[in-house]
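Student: My structure is below; once you've seen it, I'll send some questions.
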Amino acid sequence: MRKTLLIVVVLLAVFSLSTCSRGDDDAYEIVFIPKLVGIPWFTAMENGFEDYAAEIGDLKISVLGAPDTDPAAQARILEDAISQEPDAIVVVPNDTAVLEPIMARGREAGILMVSQEAPGIQNADMDIEFLIAERYGADMMELFVREAGSEGGYAIMVGGLTVTSHNQRADMAVKHQEENYPGLYQVTSRLEGSESVEDAQNRTLELAAAYDDLVGMIYIGSLGAIGGSQATKSLNRDDIAIVGGSVPSQAKSYLEEGSIDANYISNPYRIGRDSAYLVRHLLSGGTIADVGDLPEYGTPAIDGTVVTFHAPSEVTAENADMFGF
Amino acid sequence: MFAEFVKRYQSWHDRNQDIAALPWLLFVVLAIMTVATGGRFLRAHNITNLLAQMPELGLLSLAMMVPMVTAGINLSIISSANLTAVIMALFLKGVFPQGAGGGTTIIIIVGAIALGMIVSIVLGLLNGFLVGYVEVPAVLTTLGTMILYEGITLAITRGFVISSMPEAYLLIGNARILGLPIHMIIFLVVALVMAIIFHRRPYGRHLFFVGSNPTATAYSGVNVRRVLLKTYVISSVLAGIAAVVMLARFNSANARQGSSLLLSTVLICMLGGTDPFGGFGKVLGLVMAMVILQAVTNGLNLLGVRSFATVAIWGAMLVGVIAYRYYQHQKWERKRKQLQRARMQQ
Amino acid sequence: MREERSMGESRVHRSVMDSFIDFRNVSKFYPGVRALNNVDFAFEKGEIHCLVGENGSGKSTMIKIISGVIQPEPGATMVINGTRITAMHAKDAIDRGVRVIYQDLSLFPNLTVKENIAFGLYGDTRGPFVNWKAVEDRAVSAMRSIALELDLDRLVSSLSIAQQQLVEIAGSIIGDIKLLILDEPTASLTRVEVDRLFATIRTLKERGIATLFVSHKLNEIFEIAERVTVFRDGAKIGVFEPKELDQKKLVFLMTGQEVVSEPPKPVRSGAPELLRVEKLSRGGNYKDISFSVRAGEILGITGRLGSGRTELALSLFGMNPPESGSIFISGKRVRVHSNAAATRAGIAYVPENRLTQGLIMPQSILANITITILEKVIGAFRLLDHSRSESLSREWIERLSIKMPSLDAAVQTLSGGNQQKVVLSKWLATNPRILILDEPTVGIDVFAKDSVHRFVKQLAERGDIAIVLISDEVHEVLDNCHRILVMDRGRVLDEVLPGSDAEATLLEKFNLA
Amino acid sequence: MKFCPAPTPRLRYWRNSTLHNRKTSRRNVISRAFTRSETYLFIILFVLVAVVSIISPRFFTARNALQILRTSAFTGILSIGFLFVLIQGGLDISFTATATVAQYLMALALVSKGNVPILVVLLIPIAVGMLLGSVNAVLIHRLKAPSIIVAIANLNIYYGVLQIISGGTWIYNFPDWFDRVGKGFVFAFVDENGATFGLSYLTLIWIAVAIVAVVVLRYTKLGRHLFALGGNIEAARRSGLSLFRLRLFAYSFLGLLAGLAGIVQALDTQTVAPNALVGREFDVVAAVVLGGANIFGGAGSVGGTLLGVLLITVITNALTLLRIPAYWHQVFIGAVVLASISVTSLRALLARRKERIIDVR
C-alpha cells in the first residue's frame, strides 16, 4: 500500500518536473567552468560573460564550478558539462594535465572546447591567454623593484602551494629577478597563504621578525597583500614593500594610505566579455585567424589555437574604481 | 514468472531490510533526473560519463567502509591515495624510457602499480598499528595521518602537479573492454572481491564482530589487534587502487587532489547502510548508494545547478538518511522488545 | 491467582498508615505482554523487604514504577509515605526519598569519589555554583556512615568494582532518603563487603530508612530480609516471613514447580587425566595453584570475588599468561600464549559476562555460534561454506534445545538462558577437551539454570571432556561437581568433596555464601 | 588521566588526616601531576620554546609572544567551544560553517546603509551562532545519530546555503570603529621602530572566554553535569539530568563561541569571505585533542586546550622563524599531533595493563 503511494508521488514529481524542463531555442549554449565558484574574481568574470551575452542576444551562459580548487572535482564537473551537450565549454583549468583527456572527449562529442589560462594545452579548440606568465612575473618583479629597490631579500607567497598557475607566475617572477636583479634574493622558499588574510598576515609578521634583510613581499593571490599590509602597518615597517594582486575595490583604501605599495591585477569583467566574444565568433563560423579586434582588449596575438592578450594592469588608488569589482 | 520474481524480491527484502529502500530510491532518482534533464541524462554519452566517474568514488567509498564496519573511520584515504599516486607518478616519469617496446612498458607499469601498493600498505600499516596496537581512536589516528601524509606529499612535490604519464598507463583510465571502461572493470572486480571477503572469508566475518563487540570477539579467540591492522591496510590498499585509477584518469598527481571526495565517501557509506557504530554494512548497498549519489550530482550538473547547491543538497540528504535510519531502527526496536517480552511471558 | 494473592495479604495484617509504599491494582502492559497484572505491593517504613522472582516475573517492572522510570496503566493507586500520587516521574521519586542502585552502577567514572558521592547534592543547593566544601563534607560523612575509606579525589575509574559499588551506596544514602532499592547488589562484592553492606542496611533501618532488596542469592535473602514478596508471571504470589520459608519452598513459589537436582554420575575408574596444572603463579593474581581434572570429571572452583578464580581461568585460556608453573594437557606440557592457541590445544572458556564477553549481541545466532570455528567451515576456494556452518549451528541448537525465531535473528532477541546456551554451543563446536565454565548461570532463571546444569552433567558422562565449573554460588558447585576447590586471595585453600557436611564446611569454614 | 579535576579545597581534608596522610597527599599532588597530559604538554611546549629561543633569539620576545596570543585567538575561542561539546560526549565540526554564516550576517549589517546600532551588529553573530548550534543539538538529540555525522551534514548545509545566497561576495571596507577595535590594544608598548605592540583586544576576548569556561566547567553545576553526561550517559539519565538541556547548552554554547570567533576573525582580517573559514576545523580538533581531551567525552580541561592551541601556533610560528621551508610545515604538525595522541593512548593502555591486582596471600 505504502509502496503504491510512493510510486504515485514519484510519478507526480516526475510529471511536474517534466513540464518545467527547458525547451531548446536558437541561442548558443555556453557552459563556463571557472577554477572555483564563490570568489569575486570569477564572479566578475561571469558577469562579463553574462552582460556580453545579454547585449548580443543569441548566447546562453550557464556556470558550473567546484567550491574549491580541487582538480579532481573540476574534472568531474567538466565531464558532466560535456554530457549536457552544450555548443561550447569555456574552462579555466586548475590543472591542465588533469583535463586534457576530458577536453579531447568533449571535442569528439562535437563541442567547441575553449580553455583559459592553460598554456600548452593540447586538446582545446582555442586557448585564451589573457595573462602571460613571463610577462606577469616580469611586471610584478619590476613593480617590486620600483617599490623595494634592487638590493635585499624578498619572499613570495602564493595562494596554495598546489596552485599551478600561481607557482608558474612565482617562478617567472623569480626568473626575471635572477636575470636582471642579482642584488635581490629570496630569503626563504615559497610560502602559502595568499587566499587568507590571516595566514598572509601571520606569515608576514613572522618573516619580518626572522629576516632583517627582508625588503619586501610579493603576493600572488587576492588576499595576500591585504594581510601583508596589515602586518607591516602593525609593525610600523613602511620599509617592507607590499606588492600583490588584490581585488581593486578592496585594495583601494590600502593603496590610498600606502600600506599596499603596488597592486597588479587583470580585469576579469573585461576578460569575460572578450572571452564571450571569442567563443561566439567561433560558434558562428569564424576562425581563430580572423577574430579581429576584441571589444575590450583590442587586437590579440594569435599563435595556432592560442589567442593571447595581456590584461593585467597596475591598480592605483586613482584608477581602482574603474575596475568595477 | 512475475510471481517468482516477486517471491525472490520478497525474500531478498527480508534478508536485507537495511538496504531494501535503496533500489526504490535509485529508481526514483533516475526517473526524476531523466525527466528533469529532458532525457539527456539517459543518453549514451552521459551513461558513459557516469560509468567513467564512478570507479574512483566507489573505490574510495569501499576504503571508507571497511574501517567503518569495525566502528572506525579512515579520514586519511584521500591523502594516502595522493601520496601513493605521486610516488607512482614519479616512478613512471623517472624510469619510463622513450619509445619503449610493449614488454618493457608492461613491466614498468606493473612495477609502478606494485610500488604504489607497497606504499599503500606501508601507509595503512601506520594507521593500523596505531589503531590496533596503540589503541589510538581511529578518528584521531587518521586525522593525524591525513595531515602527515598530505604534508609528505607536499614536501615531495613542492606543491607542483606531476603530470604527463606515459600513454600506455593512461589506458587504465580511458580504454574499454567490451564497452566497459577498464577502471570500471577494476572497480567491479574489487567490489566483488570485497563482498566475498566480507561474507565468505573468516577475516570478513571478524570485521563485523570487531565492529559490534571487540571484547567478545577477543574472548572468542580472534586476534582483534591483527584484524584492525589488516583493516587499515586493506583500506589503504583500496585507496591505493583508487590512486592507480585516478592517476590514469586525470593523468596527474598532486598533494591535494580529490579532497572534496572525502565527504562523499562518508555519505555513500551511510546511505548504503553501513552502520557508523560498526558491525553492519553491505557492499551491494554501498554500490547502490554510490550510483544514487553519482546520479544526483551528475543530474544537478546537467541542470546547471551551482555546486554549492549540490553541497547543501548532499548535506540535506545525509540528514534525511540519518532520520530515515532512526525511524526504521525505532520500528525494529519496538518489534524486538515486543518479541522479547512475549517470550518472557511464556 | 487472585486467590493466592489475597491469601498472602491475609497472612500479615498491617495497617495502611504505617506503610511507606502502598501500591494497589498496579498493571503494566506492553504490546502483547502483561508485565504486571493487577498487583498490590506494600511494605512498611524502615522495613528491610525482599522482592524475589524469576526473570520476567515483573519485579524489575515494579522497581521501575516505584522509581518513576515508567508509569503504570491507569487505575493504579499509589501511596507513598501516606501521600497519594497520581503520576510519578523519576524526579518525583527522588524528591520523595526513593533511591535506586542498579546492577550496572550509575557512576561517573571520570569524576572523583567525592563528586560521585555528592552528585545529587547539586540539585539541593541554590544558585548555579557548586559548593565544593559542602560536597566534601557530604562525601566524608557519607563514607563514614558505611566505614568506607578512600581518597576523596581519586577518580572512580581507578577503583575496583567493589569499591565503586560502595561509592555508589555511599552516594545513595545521603540526603533525605526514605527508601533504598538495591537491585542485585551483592553480585560483585566479597563476603566482607556483603557483611558491611548488610550492616549498613541495618543502620539505615535504625534511621527509619526502608530497603527494598532484589536478589537471586536466596541465602542472602534469608540473612537480611524481614519480609519477602514473591512475584511470578506478572502477579504477586504472596508475602512471607523468612522463617516460614526455606530454599526449596522459595524456589517452588518462584517457579511454581519443583526442581530436583541429581548429582553427577561418578567418574569412570581409570579415566585419563586431561588437565593438570602445577605450581601456577602470576603476581598479583594467584599463587602456587596445582590441580588436575580427569576425563568426565567436573571440577568446581568456588571463591568470592577477588579470589583469583577468573584470573586463573583466563590464564588457562591464554589470555592472562602465568609467570611460572606449567599446564599439561593429556600429560603433555603446553604453552598457551593466546586464546587462539588455547582453543587449538582444546581448551574452551565460557566467560563470566555473557553480555560483554560471551556474545556479540547485535549479530546473528549463526554468526555467534560459528565465530570459533570459521577456520573449520572453509570449503571450496577457501571460502566459508554457508550450508555447513548452518547445519553445524542447527545441530547445536537441537542438542541444547535453544528456542529461537531463526538462525539469522540477532542474539539479543533471545532470553538469557537461550543466550547462555548459544555461548555454550559456540565453544562446544570447537570440540574442546577441556571446558571452563565461569559463572555459567548468572542472571538466568531457575529452569534455564537447571537445563544448563543437566546438559553439563550429560556432557561429562560422555567421558571425553574435563570440565571446570567456576561459581561463587555454593549450591551450584555442590550439586554439579565431583570435587570442589576453594580459592581465596589467589590461593587454593582446600579441596572439598560434595556430601552431607560439605555445605556446612563451605559456608562456615570458608565463610562463603 | 585526561580529566578536569574538581578544584581541591585540600586543607579541609588534611584537617581530618594525620600528619602521615598529609605527606602522602603532598606527594600525590606531584605524582598526580604526572598522570595528566597537561603536564606533558606543558613540558613539550616549554622545551620547544626553549630550543627555538636558543636557535632564534627573535622568537623569545614580548612582541612575538603577544603576536602568538593574538594569532591564536580565533582557534582558541573555537577550541573552547569544541571542548564543551567534546566533554559532554559529542563531536561537532560544523562550527566553521556556523562562524562563517554568523560573521557574514554581521558583515552585512556592518556595511548596510541603515546604520545598525553597534550592539545589534555584535549580537547578530552571537544569536545566529546559538541558533545554528541548537539546530545541531536538536538533530543529534532527536535522531540519536553520531554527532560527527550530523555535524558534517549541517556543515555542508550551512556553508552551501550561505554560498548560494551570498554568491560568494566578499565584504570589506568596514566602518572605522571596527578597524580600530581590531587593531587596538588593551595596553601597548612602542618599540625601537616606533611600532606599537601590546595585548590585543582579540586576545582579551579569548582570555575572557577561557576564564568563563574555567568557571563554568569547574565551579558550576552545569559544568559538572556536562562532565557527568560525557562520563556515563545512562547514569546521567538516572540522576534525573535533562540530557536535552545539557546538549542544547553545549552545542549552542559552541555556536555562540563560533559567532564570537567569527567577530574576532573579522576584526583581525577586516575582510569577510564566505570561504575563509570552512576547512579550518582540523586545527581546532587537533588543538583540543592535543590538550588531552578525551574524544569520547567526559574528560578535558580548558588549561590543556589552551596549551594545545598555543603548541600548534608556536610550532607554525617557530617553523618560519627557524627558516624551515613551508613545504615541510605540515609534516611537522602532522607528526607532532600523531606523536602526542599516540603517547596519550599508550599511557592509558599501559595503565590498564597494570590493573586487576589481587592481594595474594
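Student: Could you list, in sequence order, the residues of region A:174-194 that are among the aliphatic types (A, V, I, L, M) and more than 9 Å from chain D (Cβ to nearest Cβ)? Let's see the steps before the verdict.
Tutor: Narrowing region A:174-194 to residues among the aliphatic types (A, V, I, L, M): A:174, A:184, A:187, A:191.
A:VAL174, A:LEU184, listed by residue number.
Student: So in region D:217-249, with the set limited to residues that are free of Cβ contacts under 8 Å to residues at least 12 places away in the same chain and under 14 Å from C:PRO128 (Cβ atoms), which one is farthest from the other protein chains (Cβ to nearest Cβ)?
Tutor: D:ARG245
Student: Go through B:LEU300, B:LEU339 for me and flag whichever is aliphatic (A, V, I, L, M), without any contact (Cβ under 8 Å) to a residue 40 or more places away in the chain, closer than 30 Å to C:ALA448 by Cα and out of contact with any strand residue (DSSP E or B) (no Cβ under 6 Å at 6 or more places or on another chain). Give the steps one after another, and end with the answer.
Tutor: Working: B:LEU300 fails: closer than 30 Å to C:ALA448 by Cα.
Answer to the check: B:LEU339.
Student: Given the structure, is C:ARG294 in contact (Cβ under 8 Å) with a residue 40 or more places away in the chain and not assigned by TED's automatic domain parsing to the domain that holds C:LEU497? Steps first, please.
Tutor: Details: in contact (Cβ under 8 Å) with a residue 40 or more places away in the chain: yes; not assigned by TED's automatic domain parsing to the domain that holds C:LEU497: no.
So C:ARG294 does not fit the description; no.
Student: For C:VAL423, all conditions in the list (1) closer than 25 Å to B:LYS335 by Cβ; (2) modelled with pLDDT under 90; (3) in contact with a strand residue (DSSP E or B) (Cβ under 8 Å, 6 or more places away or on another chain); (4) buried (at least 16 other Cβ atoms within 10 Å of the Cβ) hold save one; what is the number of the exception?
Tutor: (2)
Student: Separate question: Considering region B:260-275 alone, what residues qualify as being crowded, with 22+ Cβ neighbours inside 10 Å, of a type in the set (Ser, Thr, Tyr) and within 14 Å of chain A (Cβ to nearest Cβ)? Give the derivation first.
Tutor: Within region B:260-275, the subset crowded, with 22+ Cβ neighbours inside 10 Å is B:261, B:265-274.
From what's left, of a type in the set (Ser, Thr, Tyr): B:265, B:274.
If the condition is that a residue be crowded, with 22+ Cβ neighbours inside 10 Å, of a type in the set (Ser, Thr, Tyr) and within 14 Å of chain A (Cβ to nearest Cβ), then B:THR265 is the only one that fits.
Student: Of the residues that sit in region A:212-265 and are of a type in the set (A, V, I, L, M, F, W, C) and assigned to a loop (DSSP other than H, G, I, E, B), which one is surrounded by the most Cβ atoms within 10 Å (Cβ to Cβ)?
Tutor: Start the filter on region A:212-265 by keeping residues that are of a type in the set (A, V, I, L, M, F, W, C), which leaves A:214-215, A:217-218, A:220, A:223, A:225-226, A:231, A:235, A:240-243, A:247, A:251, A:255, A:260, A:262, A:265.
From what is left, the residues that are assigned to a loop (DSSP other than H, G, I, E, B) are A:223, A:240, A:247, A:260.
On the way: A:LEU223: 30, A:ILE240: 22, A:VAL247: 25, A:ILE260: 28.
Residue satisfying both the conditions and the ranking: A:LEU223.
Student: Let me ask something else about it. With the structure loaded, tell me whether A:MET157 is assigned to a helix (DSSP H, G or I) and either away from chain B (no Cβ under 12 Å) or touching a residue at least 60 places away in the same chain (Cβ under 8 Å) (or both) or whether it fails that test.
Tutor: Details: assigned to a helix (DSSP H, G or I): no; either away from chain B (no Cβ under 12 Å) or touching a residue at least 60 places away in the same chain (Cβ under 8 Å) (or both): yes.
Answer is no for this residue.
Student: Having 2 or more residues that are more than 10 Å from every other protein chain (Cβ to nearest Cβ) and of a type in the set (Lys, Arg) is the bar; report the helices (runs of 4 or more DSSP H) wholly within region B:183-258 that clear it. Let's see the steps before the verdict.
Tutor: On the way: elements: B:202-212, B:214-219, B:224-250.
Per the criteria, B:224-250.
Student: Residues of region B:21-38 being over 15 Å from B:TYR324 (Cβ atoms) and modelled with pLDDT under 85, which ones?
Tutor: B:THR37, B:GLY38 - these are the residues of region B:21-38 that are over 15 Å from B:TYR324 (Cβ atoms) and modelled with pLDDT under 85.
Student: Also: Can you report the number of residues in region A:127-172 which are among the basic types (Lys, Arg) and either farther than 20 Å from A:VAL306 by Cα or buried (at least 22 other Cβ atoms within 10 Å of the Cβ) (or both)?
Tutor: Let us first name the residues in region A:127-172 that are among the basic types (Lys, Arg), namely A:135, A:146, A:169.
Retained after the next criterion (residues that are either farther than 20 Å from A:VAL306 by Cα or buried (at least 22 other Cβ atoms within 10 Å of the Cβ) (or both)): A:146, A:169.
Counting residues in region A:127-172 that are among the basic types (Lys, Arg) and either farther than 20 Å from A:VAL306 by Cα or buried (at least 22 other Cβ atoms within 10 Å of the Cβ) (or both) gives 2.
Student: Name the single residue that is farthest from A:GLU257 (Cα to Cα) among those in region D:167-216 being aromatic (Phe, Trp, Tyr) and part of a helix (DSSP H, G or I).
Tutor: Let us first name the residues in region D:167-216 that are aromatic (Phe, Trp, Tyr), namely D:170, D:172, D:174, D:177-178, D:185, D:187, D:189, D:197, D:201, D:206.
From what is left, the residues that are part of a helix (DSSP H, G or I) are D:177-178, D:201, D:206.
Numbers: D:TRP177: 17, D:PHE178: 17, D:TYR201: 24, D:TRP206: 30 Å.
Residue satisfying both the conditions and the ranking: D:TRP206.
Student: Could you please tell me which pairs satisfy a Cβ distance under 7 Å, a separation of 6+ or placement on different chains, a first residue in region C:121-145 that is free of Cβ contacts under 8 Å to residues at least 60 places away in the same chain and within 21 Å of C:LEU166 (Cβ to Cβ), and a second residue that is aromatic (Phe, Trp, Tyr) and surrounded by 13 or more Cβ atoms within 10 Å (Cβ to Cβ)?
Tutor: C:GLU136/D:TYR13
Student: Another question, then. Look at B:GLY151 and say whether it is farther than 30 Å from A:ASP171 by Cβ and either at pLDDT below 90 or not aliphatic (A, V, I, L, M) (or both).
Tutor: No; evaluated as a whole, the condition is false for this residue.
Student: Now for a different question. Among the numbered criteria (1) more than 25 Å from A:ASP68 (Cβ to Cβ); (2) aliphatic (A, V, I, L, M); (3) away from chain B (no Cβ under 13 Å); (4) crowded, with 24+ Cβ neighbours inside 10 Å, which single criterion is violated by D:ALA293?
Tutor: Just one mismatch for D:ALA293, condition (3).
Student: Which residue out of C:ALA409, C:ALA460 is surrounded by fewer than 21 Cβ atoms within 10 Å (Cβ to Cβ), of a type in the set (A, V, I, L, M) and in contact with a strand residue (DSSP E or B) (Cβ under 9 Å, 6 or more places away or on another chain)? Give the derivation first.
Tutor: Numbers: C:ALA460 fails: surrounded by fewer than 21 Cβ atoms within 10 Å (Cβ to Cβ).
Going through C:ALA409, C:ALA460 in turn, just one is surrounded by fewer than 21 Cβ atoms within 10 Å (Cβ to Cβ), of a type in the set (A, V, I, L, M) and in contact with a strand residue (DSSP E or B) (Cβ under 9 Å, 6 or more places away or on another chain): C:ALA409.
Student: Of all residues in region A:82-114, how many are in contact (Cβ under 8 Å) with a residue 12 or more places away in the chain and touching a helix residue (DSSP H, G or I) at 6+ places or on another chain (Cβ under 7 Å)?
Tutor: Going through region A:82-114, the residues in contact (Cβ under 8 Å) with a residue 12 or more places away in the chain turn out to be A:82, A:84-96, A:98-107, A:109, A:111-114.
Applying the additional criterion that residues be touching a helix residue (DSSP H, G or I) at 6+ places or on another chain (Cβ under 7 Å) yields A:82, A:84-85, A:87-91, A:93-95, A:98-99, A:101-102, A:105-106, A:109, A:111-114.
Number satisfying all stated conditions: 22.
Student: What do you reckon, is A:GLU179 under 29 Å from D:ALA73 (Cα atoms) and without any contact (Cβ under 8 Å) to a residue 40 or more places away in the chain? Reasoning before the result, please.
Tutor: Details: under 29 Å from D:ALA73 (Cα atoms): no; without any contact (Cβ under 8 Å) to a residue 40 or more places away in the chain: yes.
In short, no.
Student: Kindly provide the set of residues from region B:169-194 that are out of contact with any strand residue (DSSP E or B) (no Cβ under 8 Å at 6 or more places or on another chain) and surrounded by 17 or more Cβ atoms within 10 Å (Cβ to Cβ), ordered by number.
Tutor: B:TYR169, B:LEU170, B:ILE172, B:PRO181, B:HIS183, B:MET184, B:ILE186, B:PHE187, B:VAL190, B:ALA191, B:MET194
Student: Under the condition of being at the interface with another protein chain (Cβ under 7 Å from one of its Cβ atoms) and in a helix (DSSP H, G or I), which residue from region B:122-147 is surrounded by the fewest Cβ atoms within 10 Å (Cβ to Cβ)? Step through it out loud before you land on a result.
Tutor: Within region B:122-147, the subset at the interface with another protein chain (Cβ under 7 Å from one of its Cβ atoms) is B:130, B:134-137, B:139-140, B:143-145, B:147.
Add one more test, that the residue is in a helix (DSSP H, G or I), and what stays is B:130, B:139-140, B:143-145, B:147.
Working: B:LEU130: 26, B:VAL139: 20, B:LEU140: 24, B:LEU143: 24, B:GLY144: 29, B:THR145: 26, B:ILE147: 25.
That would be B:VAL139.
Student: Further question: Kindly list the number of the only condition in (1) more than 27 Å from B:ALA253 (Cβ to Cβ); (2) at pLDDT 75 or above that fails for A:PHE15.
Tutor: Exception for A:PHE15: condition (2).
Student: Continuing with the same structure: What number of residues within region D:87-144 are outside any helix (DSSP H, G or I), more than 14 Å from chain B (Cβ to nearest Cβ) and closer than 30 Å to B:LEU140 by Cα? Give the steps one after another, and end with the answer.
Tutor: Step one: filter region D:87-144 for residues outside any helix (DSSP H, G or I), giving D:88-94, D:112-117, D:144.
Adding the requirement that they be more than 14 Å from chain B (Cβ to nearest Cβ) leaves D:88, D:112-117.
Next, only the ones that are closer than 30 Å to B:LEU140 by Cα stay: D:88.
Here the count works out to 1.
Student: Looking at region D:300-356 only, could you name the residues that are among the basic types (Lys, Arg) and part of a loop (DSSP other than H, G, I, E, B)? Give the derivation first.
Tutor: Taking region D:300-356 and keeping what is among the basic types (Lys, Arg), we get D:323, D:347, D:352-354, D:356.
Residues satisfying the conditions are D:ARG323, D:ARG356.
Student: Within region A:43-51, identify whether any single residue is away from every other protein chain (no Cβ under 12 Å) and either surrounded by fewer than 21 Cβ atoms within 10 Å (Cβ to Cβ) or at pLDDT below 85 (or both), and answer yes or no.
Tutor: yes
Student: Only one of (1) farther than 24 Å from C:VAL140 by Cα; (2) more than 14 Å from chain B (Cβ to nearest Cβ) fails for C:VAL98. Which number is that?
Tutor: That leaves (1) as the condition not met.
Student: Also, I was wondering about something else. Could you figure out which of (1) surrounded by fewer than 17 Cβ atoms within 10 Å (Cβ to Cβ); (2) in contact (Cβ under 8 Å) with a residue 12 or more places away in the chain isn't true of C:VAL260?
Tutor: (2)
Student: Here are B:GLY304, B:GLY299, B:GLY278: which of them is in contact with a helix residue (DSSP H, G or I) (Cβ under 6 Å, 6 or more places away or on another chain), more than 18 Å from B:TRP24 (Cα to Cα) and either crowded, with 21+ Cβ neighbours inside 10 Å or not aliphatic (A, V, I, L, M) (or both)? Full working, then the answer.
Tutor: Numbers: B:GLY304 fails: in contact with a helix residue (DSSP H, G or I) (Cβ under 6 Å, 6 or more places away or on another chain); B:GLY299 fails: more than 18 Å from B:TRP24 (Cα to Cα).
Sole residue among the options that is in contact with a helix residue (DSSP H, G or I) (Cβ under 6 Å, 6 or more places away or on another chain), more than 18 Å from B:TRP24 (Cα to Cα) and either crowded, with 21+ Cβ neighbours inside 10 Å or not aliphatic (A, V, I, L, M) (or both): B:GLY278.
Student: Could you identify the single residue in D:ASN193, D:ASN232 that is more than 19 Å from D:SER72 (Cα to Cα) and surrounded by fewer than 22 Cβ atoms within 10 Å (Cβ to Cβ)? If you could, list the steps in order and put the result at the bottom.
Tutor: Values: D:ASN232 fails: surrounded by fewer than 22 Cβ atoms within 10 Å (Cβ to Cβ).
Of D:ASN193, D:ASN232, the one residue that is more than 19 Å from D:SER72 (Cα to Cα) and surrounded by fewer than 22 Cβ atoms within 10 Å (Cβ to Cβ) is D:ASN193.
The values are calculated or read from the model by the stated rules, or taken from the named source; none is laboratory data. Fair warning: this is a prediction, and the values are worked out from it, not measured in the lab. A quick note on method: Cβ atoms are made from the backbone with ideal geometry, for glycine too, and the neighbour counts reach across all protein chains shown.
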